[in-house]
Structures are given as structure tokens and as C-alpha cells.
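The values are calculated or read from the model by the stated rules, or taken from the named source; none is laboratory data. Bear in mind the structure is a predicted one, so any value in this text is a computation, not a measurement. Neighbour counts are summed over all protein chains in view; Cβ atoms, including those assigned to glycine, are modelled from backbone coordinates with ideal geometry. When the accessible area is computed, the model is the full protein with side chains, heavy atoms only, and any ligands, DNA or RNA have been set aside. Shrake-Rupley method; radii C 1.70, N 1.55, O 1.52, S 1.80 Å.
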Amino acid sequence: MTEPEDAGVWFAVPPGYASLPLENIPETIEITGKLLGELGTPQLRESGDFVLEALRTFLRTLADRRAVYCGVGRHRSAINDQLISSSLVVTLLEFPDESNPRLVLANLLEAKADADDVGQPDLVDLVNGPAMFFERTVMMPAPAIPGQHVLAEGVESPVWQLEAFVPSPQGDKLATIEVSTSFAEHGPQYRAMLVAMASGVVFEEPVDSDPLAALLG
């Protein structure tokens with residue numbers, strides 16, 4: 001059971017994910033840079049500065065967005081046993097007043113519609129209360145990494161994303177879990193994992209975490 005310090009939310013991280021730091025980011029980047037310089041292949045060393053700067057920006061952005069967990073995963077595809085990667089991010093918002101959790105989700109869905117956020121929403125009842133899932137595939141710029149195959153300017157690649165929104169019983173907190181993968185055709189296999197993870201989210205410290213961890217198999 002993951003317990004981010006002072007976060008006020010508890011959840012189990014699925015197997016196969018390695019956490020990335022959301023604190024002491026400069027120190028972590030510096031250490032990683034030294035390791036790349038000493039142990040990395042020539043190709044990795046050539047692209048090291050680009051990758052490290054991208055990672056630094058990514059982690060800082062997540063920290064600013066109230067992320068309480070960020071992880072990178074490697075799994076075997078259920079389709080063809082291909083090794084695929086994904087990112088997993090958990091954020092927490094806190095509201096000044098209590099509210100009906102279903103109203104929190106309704107307001108969120110309305111806000112997505114107003115923002116022209118296109119995707120497939122699903123409102124469901126989990127064992128821990130109501131939740132909303134939002135699935136989509138978006139086109140994102142493909143990065144031109146030094147030392148790698150040069151891509152034409154403006155080239156985009158599909159990225160599959162699934163978000164789970166879990167409000168607290170009092171409606172004063174909202175946990176968001178997002179899994180993303182550039183292996184878009186394999187994305188749907190993460191659905192069951194995210195549903196299980198969302199089903200285990202709680203906003204009070206559990207007395208016994210085993211039953212919640214068991215939800216993830």
C-alpha cells in the first residue's frame with residue numbers, strides 16, 4: 001500500500017512500476033546524469049542531456065500539479081508478448097468544502113465538455129464509492145532525440161490514456177489516476193489494472209492494507 005507523506009490518500013501501485021522522485025528533483029537528475037556519463041552507452045551519453053532535461057521538466061510539472069506518485073512501467077503485452085512501457089501518475093486535489101461525491105464527478109464531466117476534452121467517459125460505482133473513467137487517444141509530437149533516427153518536423157504519434165477520478169466520501173478530495181502509453185494499440189489491456197487500482201483508493205489510513213493490495217492480484 002503506497003502512503004505518500006502527508007498526501008491524505010492511500011493506494012496500491014500495480015506490479016511492474018518503478019517510482020520516480022517528486023522531491024529533491026535536482027539532486028536526482030544530477031546523480032542520474034553522472035550514472036549515464038559513467039555507465040551509459042555512447043548513444044545514451046549523446047542523448048543524455050536531452051533526456052535529463054525532459055525528465056526534469058516532466059517531474060517539476062507533476063509536482064506543480066499536486067502529483068503524489070509517478071511511476072514508469074514495463075510489461076509484456078497480452079496481445080503478442082511485446083515489451084511495452086507506460087507511465088502512471090496519481091494526483092490529489094483538495095476542496096475547501098464538502099460535497100456530494102457524485103456532484104463532484106458531474107461537475108468534472110461538465111468541465112471536460114466545456115474544454116472540448118474528447119474521450120469516452122464512464123460513471124461507475126466501485127466498492128469504495130462512485131468514480132469516473134475517461135479514455136482517449138491523443139496525438140502528441142514525437143520528440144527528436146539526439147543520436148536517434150531524425151523525424152520530420154511536425155510528426156505526431158498516438159498516445160493512449162485512461163484516467164480514473166475517485167472522490168472522497170465527503171467530496172472534499174479528488175484522486176486522479178492516469179495511465180498513458182505510446183503503444184496505443186496495446187492501451188486497452190491497462191483497463192482492468194486501473195479499475196482495480198481505483199477500487200483500492202482510500203482517504204483514511206487503512207488498518208489492514210492487505211485486502212486493498214489484493215485487488216491488484
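Every residue, every condition in (1) modelled with pLDDT of 90 or more; (2) open to solvent by 20 Å² or more (accessible area, probe 1.4 Å), yes or no:
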{"residue": "GLN170", "(1), (2)": "yes, yes"}
{"residue": "LYS173", "(1), (2)": "yes, yes"}
{"residue": "HIS186", "(1), (2)": "yes, no"}
{"residue": "ALA198", "(1), (2)": "yes, no"}
{"residue": "VAL201", "(1), (2)": "yes, no"}
{"residue": "LEU215", "(1), (2)": "no, yes"}
Fill in: Residues within region 96-110 that are within 21 Å of the chain's Cα centre (by Cα) and open to solvent by 50 Å² or more (accessible area, probe 1.4 Å), tallied
1
Worksheet item: Considering region 115-146 alone, what residues qualify as being among the charged types (D, E, K, R) and either at pLDDT 95 or above or within 19 Å of GLN189 (Cα to Cα) (or both)?
Response: ASP122, ASP125, GLU135, ARG136
Discussion item. Looking at (1) open to solvent by less than 20 Å² (accessible area, probe 1.4 Å); (2) of a type in the set (S, T, N, Q); (3) closer than 13 Å to THR137 by Cβ, which one does SER182 not meet, given that it meets all the others?
Written reply: (1)
